[in-house]
1. Run the quick spin-label model on residue 151 and residue 181: label points 7 Å from Cα toward the beta carbon, then report their separation in nm to one decimal.
2. Restricting to DSSP loop positions (anything but H, G, I, E, B) with no more than 14 other Cβ atoms inside 10 Å of their own Cβ, which trypsin sites (Lys or Arg not before Pro) remain in segment 197-261?
3. Need one number: nm distance between label points at residue 1 and residue 323, each 7 Å from Cα along Cα→Cβ, rounded to one decimal.
4. How high is the FRET efficiency between residue 214 and residue 252 when r is their beta carbon distance and R₀ equals 56 Å, given to the nearest 0.05?
5. With a cut-off of at most 11 other beta carbons within 10 Å, and DSSP calling the residue loop, which GluC sites (Glu not before Pro) in segment 148-249 qualify? Please list them.
6. For segment 86-301, what mean projected area does the convex hull of the alpha carbons give, in nm²?
7. Calculate the FRET efficiency for residue 245 and residue 188 from the Cβ-Cβ distance with a Förster distance of 35 Å, rounded to the nearest 0.05.
8. Which value, in debye to the nearest 20, gives the size of the charge dipole of segment 172-236 about its Cα centre, when Lys and Arg are +1 and Asp and Glu are -1 at the Cβ?
Amino acid sequence: MFRFAHIEYLNLLYLIPVLIFLVWYTQRKTSKSLLSFANKKMHSVLFPLRSRFKNSIKYSLLIISAVLIIFSLANPQIGTKIEEVKQVGIDVFILLDVSNSMRAEDIKPNRLEKAKHEIAKLIRKLQGDRIGLIVFAGRPYIQFPLTTDYSAANLFLSAVDFNTVPQQGTAIGASIELAVRSFKQEEDTKKAIIVITDGEDHEGDLMPVVEDAVGKGIQIYTIGLGSTTGEPIPLYNESGNKSGYKKDRQGNVVLTKLDETTLKEIASIGNGAYYRGTNTDDELEKIYNDLAELEATEFGATRITEYEDRYYYFLIPAFILLILEFFISNKKSMLLLKLNKVSK
């Protein structure tokens, strides 16, 4: 199997016709200049050593060398063997609260940004485990399904903000249900759910949902973000400047409080653990260390072709031609000059 490791470099080949045109144009302009200086019959007298043939050879060698160097930059590779690599790991769904209460700044810069920062750090540490992200407020939505494409996961994570889910609320139960449905139940992998929220104003009876997840072998961890005493929810104008705080209909500032009791209960029934979010600690890292103790399960296999670089097949001839071009003189051979004189 043959391929180019950096096929984008082949676009440089479009410059070769331009280079050929420039060589032709330069030679043509030189010939015109010489004709304006003296007629063609006088050229052999005025420039007896000038060799147009050798000049053409030197230019041709330079152009061929440029083509070979471009091919070497593209790094041609030959596939030597195909191996089947087993994919082993655990499945983790992170449930991230994006409701307005997550705007509170008792955790800097705010609750949501702290959570996103921790998730990004976790993604960078993953090796083989599949991760998915569900965002929720009044309703849950899958931001990205279970994947081992961590670059894509980070890209989708960066797009999460308070406008991702238009309906307000804290639908923890519906989010857990969606995560349970989204796991691939036919695969016997270890599964875990991590809920990141302030837990405030959750909707519905959570415990039957948690018990259903546990019955399917899923562990549930919770991370509580925020203050138990209450924190105002900042409001920002279109310019991104703080314009005040959210108020109720009576004009009182609304305080959002962390509901630790509910989150502890979810983690307890879910055979997981509860962690209180802080400005300094990385709670997701602690959970990942717990998850690392779970036995990783094979969930698939992928075929990988091993390739060997063959760029030197083009680079070595290019250098040889450049060295050859360097030693070729642009003057006529003295032997040919002597033969011409003898013949005359």
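1. 3.2
2. When the trypsin sites (Lys or Arg not before Pro) of segment 197-261 are filtered for loop state and at most 14 Cβ neighbours within 10 Å, 216, 249 remain.
3. Calculated label separation equals 3.6 nm.
4. 0.90
5. Numbers: sites: 177, 186, 187, 200, 203, 211, 238; in loops: 186, 187, 200, 203, 238.
Those that pass, being in a loop and sparsely packed, are 186, 238.
6. So the Cα hull casts an average projection of 11.9 nm².
7. Computed FRET efficiency for residue 245 and residue 188: 0.10.
8. The calculated dipole for segment 172-236 is roughly 320 debye.
Read-outs: derived from the displayed coordinates by stated rules, not from any lab. Keep in mind that what you see is a predicted model, and the values were worked out from it rather than measured. Glycine also receives a Cβ, built like all others from the backbone with ideal geometry; neighbour counts cover every protein chain displayed.
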